[in-house]
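Visitor: Have a look at the structure that comes next, please.
The values are calculated or read from the model by the stated rules, or taken from the named source; none is laboratory data. The model shown is predicted, which means the values in this text are computed figures rather than measured ones. Heads up, the Cβs are rebuilt from the backbone with ideal geometry, glycines too, and the neighbour counts pull from every protein chain shown. We work out accessible area using only protein heavy atoms, side chains counted, and drop any ligands, DNA or RNA first. Shrake-Rupley method; radii C 1.70, N 1.55, O 1.52, S 1.80 Å.
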Amino acid sequence: MKKSDIVNLLLQEKESSLPSREKSMAFAPSNIALCKYWGKRDSELNLPMTSSLSVALPDKGAMTTLIVQDASSDTITVNNQQISEDSKFAKRTIEYLDLFRPQKNWHLNIEIKSDVPIAAGLASSACGFASLVSALNELFDWKLTHRQLSILARLGSGSAARSLWNGFVEWHAGMQPDGMDSFAEPLDVEWQSLCMGLLLVSEAEKPVSSREAMQCTVDSSIFYSLWPKKVNQDLALIKQALKTHNFSLLGGAAESNALAMHATMMSAWPPICYYLPETIAAMQKVWQMRKNGVEVYFTQDAGPNLKLIFLSDHKAIVKEQFPEMETVRLFD
Ligand code: PMV
């Protein structure tokens, strides 16, 4: 099945394929997985091998503005800078837009304002595609549900399926070949005292994309066959921790899940290692802090940066140990 088949399936009942306005805007938050999505069962439709669970960063995300333009191609600006049509970023965005164009010669001016550096393992593609599809929903007045938008966002980038909501979100792996049961849903849990800190080790674009890294891991790591089992365990622990506000359980399961994901990458061939010396130094500091009784944990995505997880009571001491850390809001 192709991406266009899914788009046709979801949009088949829409009266008109033409936009209902000239301009639209939408914001989507970035999300950080506490139980990771790693590996696809269908790489065309971005269908995951396992379910995953994330928390949104409501103040870090992407705002996408779409303006219909009378031109021979799309123009894309990111944070006021025009992006070359030949860049990886533009190609991926244009390919995604091709799925929705009413006519071949219909073009857009796409302005993206992103609070997160692009492709540095900070979920820039997740909030990017979720805000783009939400802006398209406005432009064409499709009136799609969040669940349907989650399916469409997934076609751009898997983790984008989780970027349609604030708070904790679970993306169900689903089983159907067309992926119509592979969408995310918000969880009815709030945790006001839960904090996250971004520890930027490097803002450079990652050398290996998460797409390539996942594929290589699934194809060559001997440990990958254990990954679904690990996710099932961690997902259950994290959900239990969220229900009971058990921070040690949450932090431990999230950190262990991220480490296991990176272990599958390092056992892949060619090996994939997103760690920089500074990443390891920060991890060791976190472990030392825990030994000293300060409960702080980390998670890490496909990049060298860490996200620290702690409770508001420990904010001052974590900040003292990591002065360069940026604390981000999770809840109001
Ligand atoms: O959505 P992608 O293809 O950028 O993959 C995201 C993969 C991780 O960030 C490492 C894990 C996750 O669940 O977000």
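Visitor: So, in segment 302-313, how many residues would count as being surrounded by 20 or more Cβ atoms within 10 Å (Cβ to Cβ) and either at pLDDT 95 or above or not in a loop (DSSP other than H, G, I, E, B) (or both)?
Guide: Quick first cut of segment 302-313, residues surrounded by 20 or more Cβ atoms within 10 Å (Cβ to Cβ) only: 302-310.
Of the ones still in play, those that are also either at pLDDT 95 or above or not in a loop (DSSP other than H, G, I, E, B) (or both) are 306-310.
Qualifying residue count for the region: 5.
Visitor: Being within 16 Å of the ligand (Cβ to nearest atom), in contact (Cβ under 8 Å) with a residue 12 or more places away in the chain and within 25 Å of the chain's Cα centre (by Cα) narrows it down to one residue among Thr299, Thr327; which is it?
Guide: Numbers: Thr327 fails: within 16 Å of the ligand (Cβ to nearest atom).
The unique qualifying residue is Thr299.
Visitor: Restricting the first residue to segment 249-263 and requiring it to be modelled with pLDDT of 95 or more and open to solvent by less than 10 Å² (accessible area, probe 1.4 Å), which pairs with a second residue that is among the aliphatic types (A, V, I, L, M) and in a helix (DSSP H, G or I) meet a Cβ separation below 7 Å and a spacing of at least six or different chains?
Guide: Qualifying pairs under 7 Å: Leu250/Ile238; Leu250/Ala241; Leu250/Leu242; Ala253/Leu237; Ala253/Ile238; Ala253/Ala241; Ala254/Ile238.
Visitor: Can you list the helices (runs of 4 or more DSSP H) found entirely within segment 222-300 that contain at least 3 residues being charged (D, E, K, R)?
Guide: Those helices (runs of 4 or more DSSP H) span 227-244, 277-291.
Visitor: While we're on this one: Any idea which residue in segment 171-195 is nearest to the ligand (Cβ to nearest atom), counting only those that are outside any loop (DSSP other than H, G, I, E, B) and crowded, with 19+ Cβ neighbours inside 10 Å?
Guide: Here is the first cut: in segment 171-195, the ones outside any loop (DSSP other than H, G, I, E, B) are 171, 184-186, 194-195.
From what is left, the residues that are crowded, with 19+ Cβ neighbours inside 10 Å are 171, 184, 194-195.
Details: Trp171: 8, Ala184: 11, Leu194: 18, Cys195: 19 Å.
Filtering segment 171-195 for residues that are outside any loop (DSSP other than H, G, I, E, B) and crowded, with 19+ Cβ neighbours inside 10 Å, the one nearest to the ligand (Cβ to nearest atom) comes out as Trp171.
Visitor: From the set of residues in segment 23-56 that are among the polar types (S, T, N, Q) and assigned to a strand (DSSP E or B), which is farthest from the ligand (Cβ to nearest atom)?
Guide: Restricting to residues being among the polar types (S, T, N, Q) and assigned to a strand (DSSP E or B), the top hit is Ser24.
Visitor: Right, something else. Could you list all residues from segment 18-68 that are under 11 Å from the mean Cα position of the chain (by Cα) and of a type in the set (Val, Ile, Thr)?
Guide: Ile32, Val55
Visitor: When you go through (1) aliphatic (A, V, I, L, M); (2) more than 16 Å from the ligand (Cβ to nearest atom); (3) within 15 Å of the chain's Cα centre (by Cα) one by one for Ala204, which number turns out not to apply?
Guide: Looking at each condition in turn, Ala204 falls short on (3).
Visitor: Only one of Ser51, Ser4 is touching a His at 6+ places or on another chain (Cβ under 6 Å) and at pLDDT 95 or above; which? It would help to see each step written out before you state the result.
Guide: On the way: Ser4 fails: touching a His at 6+ places or on another chain (Cβ under 6 Å).
Exactly one residue qualifies, and that residue is Ser51.
Visitor: Considering every residue within segment 212-226, establish whether at least one is under 27 Å from Leu194 (Cβ atoms) and open to solvent by less than 40 Å² (accessible area, probe 1.4 Å).
Guide: No.
Visitor: If you scan segment 207-221, which residues turn out to be under 21 Å from the mean Cα position of the chain (by Cα) and either within 11 Å of the ligand (Cβ to nearest atom) or assigned to a loop (DSSP other than H, G, I, E, B) (or both)? Step through it out loud before you land on a result.
Guide: Residues of segment 207-221 under 21 Å from the mean Cα position of the chain (by Cα): 207-218.
Those that are under 21 Å from the mean Cα position of the chain (by Cα) and either within 11 Å of the ligand (Cβ to nearest atom) or assigned to a loop (DSSP other than H, G, I, E, B) (or both): Pro207, Val208, Ser209, Ser210, Arg211, Glu212, Ala213, Met214, Gln215, Thr217.
Visitor: Would you tally the residues in segment 57-115 being in a loop (DSSP other than H, G, I, E, B) and at negative phi? Walk me through it before giving the result.
Guide: Going residue by residue through segment 57-115, those that are in a loop (DSSP other than H, G, I, E, B) are 70-74, 79-80, 83-87, 99-106, 115.
Now restrict to residues that are at negative phi: 70-74, 83-87, 99-106, 115.
Counting residues in segment 57-115 that are in a loop (DSSP other than H, G, I, E, B) and at negative phi gives 19.
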